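A quick write-up on the structure given underneath.
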Amino acid sequence: MLGFVFLGAGAQKWNPYAVRAAVSPAPMLPHEFGGNGELTFVVGNSGNEVMKRVADQEMTLMITLSYGVPADEDPLASVGGPWAGKFRWSYDPSLGTYMAVQKEDIPAASEGLVSIRYKVTGNSRSSAPANGFNVNLQQPPYTNGVNLTHDDDVSAYTFVRAYDYGDAPASYGEAVHEIDVFKDPGSGNYLNYVYLGRSVDAEPSGFHTSGADGDDLNGSDDEDGVVFPELIRGDTVALPVVVTIHEGGYGVLNAWIDWNGDGDFTDPGEKIAGPVDFFESGTKTLTLIVPTEAEISKPVYARFRLGENKGSPAGSHEWGEVEDYLLTIREKETDQESKIDPVLPSGVPVKFQDYDYITPAIYAAGSVVFKSMADNRQEKTKTITDKFSVTP
Ligand SMILES: [Ca+2]
Ligand SMILES: [Ca+2]
Ligand SMILES: [Ca+2]
Ligand SMILES: [Ca+2]
């Protein structure tokens, strides 16, 4: 049971009121990310007499939505809560206003909740919250219409906010970008709505995952700015990075790869790019030299950040996006080592140390007889639990 509003000196026969307006969640996601939520308020009568519904003298509520519209296609479907049924509802889309006309008696000393599902259509900043609503109650004329208690008008507003987080393991530090979707009031253009690839989505917190795919798998896959070529030790590769810059915004790219696989981006050579300025959408191709000592026994992580001109792999930016990737680096093909592979066809030359052999027809772990590739085709027994190399 919700609390009541008690009158001061001298109880009234009737005192309708609208109080405790609230917006949830607060803040909401921006319009660009499908921001929506719920508006609630409490309406009641703290008087000691039932507030009868009298024709042409009904109590009314005028509810004005700000920076948003009803979430449902049918605006009346967005209205709910235990006390919604005490009113007859209509919605004027040109004004963004609901009108609710009393259609039942309102008992003495009673109140109830009304809710409206709300969809963001405009973005307001934390410095000037405007996503929400105002409720204005008009008393029935027979109650004298005197507002003694100043509880007939109530509002609640929040703002919008969205963040993009890195999703590599936590040892790499929390990288977070506010996704700035605010527009210049004069030009109507976005200020710094910029991101890697062709999309960015918002998440409530960082999803640190061993696959660096927590953000990829949450919502839409917005990890789309970089497509890696095969990374071979010692190779120089071209790495195209795609960015989107709306209107006059800009972003600075910095990137790291944890070449030695020790869980950080701080070792020499691990900053692979940046600062690279982007003033318009497009692709810039980075040149990357894969170190000959790069870790190959396990995957390594990469982090790309487009945002402010800050050179740190961790920390927060006021705009942009971060994308984390899991990469596999390989040894050069020519001396690539293979484990014993039971599906390797027979007759393939294999090499143990300095001796070349023809693989046997049947494989098994342990000692296996190989035929020498030398003229005498001498059979040799080799233990093949070790690695061996396949000659080109
Ligand atoms: Ca992206
Ligand atoms: Ca994201
Ligand atoms: Ca490292
Ligand atoms: Ca990722």
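Below are the figures for this structure:
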| item | result |
| --- | --- |
| Enumeration of residues in the range 186-218 that are free of Cβ contacts under 8 Å to residues at least 60 places away in the same chain, farther than 17 Å from Ala168 by Cα and within 12 Å of ligand 1 (Cβ to nearest atom) | Arg198, Ser199 |
| Restricting the range 194-217 to residues that are in contact with a Leu (Cβ under 7 Å, 6 or more places away or on another chain) and under 16 Å from Tyr325 (Cβ atoms), the residue that is farthest from ligand 2 (Cβ to nearest atom) | Gly211 |
| The listed residue being within 16 Å of ligand 3 (Cβ to nearest atom) and in contact (Cβ under 8 Å) with a residue 24 or more places away in the chain, out of Gly282, Gly269, Gly307, Gly261 | Gly261 |
| Listing of strands (runs of 3 or more DSSP E) fully contained in the range 288-328 that carry 3 or more residues being under 17 Å from Asp216 (Cα atoms) | 300-307, 321-327 |
| Count of residues meeting criterion [more than 16 Å from ligand 3 (Cβ to nearest atom) and assigned to a loop (DSSP other than H, G, I, E, B)] in the range 211-232 | 14 |
| The lone exception for Ser66 - which of (1) touching a residue at least 60 places away in the same chain (Cβ under 8 Å); (2) over 33 Å from the mean Cα position of the chain (by Cα) it fails | (2) |
| Filter result for the condition that a residue is closer than 19 Å to Asp180 by Cα and either surrounded by 12 or more Cβ atoms within 10 Å (Cβ to Cβ) or in contact with a His (Cβ under 8 Å, 6 or more places away or on another chain) (or both), over Glu270, Glu295, Glu308 | Glu308 |
| Residue in the range 84-97 that is farthest from the chain's Cα centre (by Cα), counting only those that are closer than 19 Å to Gly37 by Cα and in a loop (DSSP other than H, G, I, E, B) | Pro93 |
| Residues of the range 154-193 that turn out to be surrounded by 20 or more Cβ atoms within 10 Å (Cβ to Cβ), more than 16 Å from ligand 4 (Cβ to nearest atom), of a type in the set (A, V, I, L, M, F, W, C) and in a loop (DSSP other than H, G, I, E, B), as a count | 3 |
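Read-outs throughout are calculated quantities, based only on the coordinates presented, and are distinct from any laboratory measurement. What you are looking at is a predicted structure, and each value in this text was computed from that prediction instead of being measured. FYI the Cβ positions are ideal-geometry reconstructions off the backbone, even for glycines, and counts take in every protein chain you see.
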